[in-house]
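The values are calculated or read from the model by the stated rules, or taken from the named source; none is laboratory data. Computed from a prediction, not measured in an experiment: that's the story for all the values here. Here the Cβ is made from the backbone with ideal geometry for all residues, glycine too, and neighbour counts use every protein chain on show.
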Amino acid sequence: MPISDYNPIALIEAMLFASPEPVPEEKIREYLQLDGAETKKYLSMLSERYAREESGLSLIEKNGNYTVGTKIILGEAVARFLKSRKSPYLSPAALEVLSIAAYNAPVTKTYIAQIRGIPSSEIVESLVEKNLLRENGKLDLPGRPMSYVTTEKFLAVFGLDSLDDLPLPETLLPAKDEENDNPADNS
């Protein structure tokens with residue numbers, strides 16, 4: 001059946017649902033052979049359909065890339081469901097490696113190991129398989145180590161538009177007064 005025989009809104013919805021990563025608007029436009037105005041119209045209609053109270057989904061747009069996700073208002077309930085059916089998606093060690101990569105990209109496995117104080121090659125490889133990190137090319141250093149950076153999927157998973165949206169590192173540390181505020185010292 002020719003692509004033009006399908007309902008364009010249903011086809012966009014199916015494409016976004018099936019895609020493991022957000023889909024650029026231009027890819028939707030090219031695949032469906034639409035012009036820019038038609039593509040925006042169909043995306044808007046899909047978004048309006050999801051905006052209705054009876055839908056649990058929403059159309060998410062970040063930097064011209066689209067995906068289908070759970071409505072924010074249902075996030076906590078869905079998170080409880082997902083937590084009850086399987087173990088956590090990322091270990092604390094994996095989250096640590098991701099934070100090192102996000103704040104210091106590009107990074108090498110050796111750099112990550114130096115920061116963590118423990119070899120991290122297996123964790124890096126696991127994150128590459130999950131498409132949260134990607135190879136960024138070899139560095140011009142002795143041994144020509146591979147460098148790694150975070151991916152668009154990383155941004156989507158953590159609800160970021162860009163790495164600039166990460167909290168500043170100094171805001172993640174306890175304040176000096178809090179560090180010294182030990183109730184045992186008040187005797």
Which residue out of Arg29, Arg80 is assigned to a helix (DSSP H, G or I), modelled with pLDDT under 90 and not assigned by TED's automatic domain parsing to the domain that holds Leu155?
Arg80
Hey, can you tell me all the residues within the stretch 5-26 that are part of a helix (DSSP H, G or I) and either in contact with a Gly (Cβ under 7 Å, 6 or more places away or on another chain) or more than 24 Å from Lys71 (Cα to Cα) (or both)?
Asp5, Glu25, Glu26
Within the stretch 104-128, restricting to residues that are in contact with a strand residue (DSSP E or B) (Cβ under 9 Å, 6 or more places away or on another chain) and assigned to a loop (DSSP other than H, G, I, E, B), the one that is modelled with the lowest pLDDT is Ala105
With criteria (1) crowded, with 16+ Cβ neighbours inside 10 Å; (2) under 18 Å from Pro20 (Cβ atoms); (3) touching a helix residue (DSSP H, G or I) at 6+ places or on another chain (Cβ under 7 Å), Asn131 comes up short on (1)
By residue number, the members of the stretch 154-166 that are in a helix (DSSP H, G or I) and either assigned by TED's automatic domain parsing to the domain that holds Asn65 or over 18 Å from Leu59 (Cβ atoms) (or both) are Phe154, Leu163, Asp164, Asp165
Could you go through the stretch 138-150 and let me know if any residue there is part of a helix (DSSP H, G or I), surrounded by fewer than 16 Cβ atoms within 10 Å (Cβ to Cβ) and either aliphatic (A, V, I, L, M) or not assigned by TED's automatic domain parsing to the domain that holds Pro20 (or both).
no
Listed residues Thr39, Thr67; which is closer than 25 Å to Phe154 by Cα, surrounded by 11 or more Cβ atoms within 10 Å (Cβ to Cβ) and not assigned by TED's automatic domain parsing to the domain that holds Leu155?
Thr67
So Ile72 passes all but one of these: (1) of a type in the set (A, V, I, L, M, F, W, C); (2) farther than 25 Å from Ser126 by Cα; (3) modelled with pLDDT of 90 or more. Which condition number does it fail?
(3)
Criterion (assigned by TED's automatic domain parsing to the domain that holds Phe154, small (Gly, Ala, Ser) and not in a strand (DSSP E or B)) met by exactly one of Ser44, Ser55, Ser99:
Ser99
